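Presented below is the structure to which this report refers.
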Amino acid sequence: MVNRVSTVGFDADDTLWHNERSFQMTQALFAGLLADYTDRETLMARLVAAERRNLGHYGFGVKGFTLSMIETAIEVTDARVPAAVLSEILEAGREMLSHPVDLLPHAKDAIEKIAKTHRIVLVTKGDLLDQERKLAQSGLGDLFDAVEIVSDKTPAVYHTVFNRHGDAPARGMMVGNSMKSDVLPMIKAGGWGVYVPHEMTWELEHAAAPDSTERFRTVADLGELPGLLAEIG
């Protein structure tokens with residue numbers, strides 16, 4: 001019998017390894033640097049607004065986040081932000097780009113098991129050099145049949161990826177912690193979307209779950225994924 005799912009795509013950040021917590025730590029530092037100019041709640045709201053505005057210009061990842069912090073610092077200080085503060089923001093961004101990779105529970109075991117029965121593809125967005133660095137440090141790189149680092153995750157992108165590396169999206173599954181990027185566009189492309197909750201998912205990745213579709217699933221962690229694939233067939 002032909003499996004309903006032949007190719008499994010995995011998100012990277014906060015699905016296979018921790019990522020958002022380094023952003024949270026940097027945001028705490030950022031709030032401390034600007035504490036004399038505004039309160040944390042206002043600052044974070046301005047930062048999120050800047051990130052949203054800048055996605056089309058800078059894309060996803062640490063570099064765009066750093067530029068958005070600088071822009072926000074200039075805004076909340078009426079262009080009076082000290083050069084020393086801007087220097088610390090830049091240094092914080094550089095530290096994020098060298099942050100150690102810490103795998104999430106069950107990630108390696110799940111990848112190794114599923115690689116024996118399915119084609120597996122890493123589909124991640126963000127800065128090319130940073131994502132390549134994290135994949136190399138993760139120790140998981142050799143397990144994937146293909147790696148796609150994309151500027152955004154849309155139904156069209158999933159059509160391209162799963163036609164290139166699989167048997168079309170209809171026999172593909174995308175697994176990740178972002179309802180907005182990993183689940184919804186994959187289902188719209190005709191595939192399966194599996195949501196793996198993470199306690200620190202970025203605000204701009206939130207979206208309502210598509211509970212009415214048969215091709216949506218949720219697992220508590222990646223340890224449940226091999227069993228789900230066996231159930232789906």
Loop-resident sites, the stretch 178-233, for GluC sites (Glu not before Pro), counting at most 14 other Cβ within 10 Å (DSSP): Glu199, Glu214
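Hey, what's the stretch 180-219 come to in accessible area per residue, 1.4 Å probe, Å²? Let's see the in-between values first.
Values: 1940 Å² over 40 residues.
Dividing the accessible area of the stretch 180-219 by its residue count gives 48 Å².
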Tail weight of P(r) past 15 Å, computed on alpha-carbon pairs of the stretch 46-104, percent: 52
Hull volume in cubic angstrom per residue (convex hull over the Cα atoms of the stretch 1-75): 117
Calculated P(r) tail over 17 Å for the stretch 103-233, as whole % of Cα pairs: 58
Geometric extent, Cα atoms of the stretch 75-162 - Rg, Dmax (angstrom): 18.1, 58
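Mind checking the per residue accessible area of the stretch 1-109 for me, 1.4 Å probe, whole number of Å²?
On the way: 5400 Å² over 109 residues.
Averaged over the residues of the stretch 1-109, the accessible area is 50 Å².
Among the DSSP beta bridges whose two residues both lie in the chain, what percent are antiparallel, rounded to the nearest 5? Let's see the in-between values first.
Values: 1 of 22 bridges.
Percentage antiparallel, nearest 5: 5.
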Amide H partners (placed H, <5 Å) of Met174, local residues excluded: Gly9, Trp192, Gly193, Val194
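Counting residues in the chain as N, plug N into 2.2 N^0.38 Å and put the Cα Rg over that result. Show your work: numbers first, answer last.
Numbers: Rg = 18.9 Å, N = 233, 2.2 N^0.38 = 17.5 Å.
Output field value: 1.08.
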Heavy-atom accessible surface of the chain: percent carbon and sulfur, 1.4 Å: 53
Mean projection area, nm², convex hull over Cα of the stretch 169-233: 4.2
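The values are calculated or read from the model by the stated rules, or taken from the named source; none is laboratory data. Everything numeric here is computed off the predicted structure, so don't read it as measured data. Glycine gets a Cβ as well: all are built from the backbone with ideal geometry, and neighbour counts include every protein chain shown. Keep in mind that these areas ignore ligands, DNA and RNA; they rest on the heavy atoms of the full protein, side chains included. Shrake-Rupley method; radii C 1.70, N 1.55, O 1.52, S 1.80 Å.
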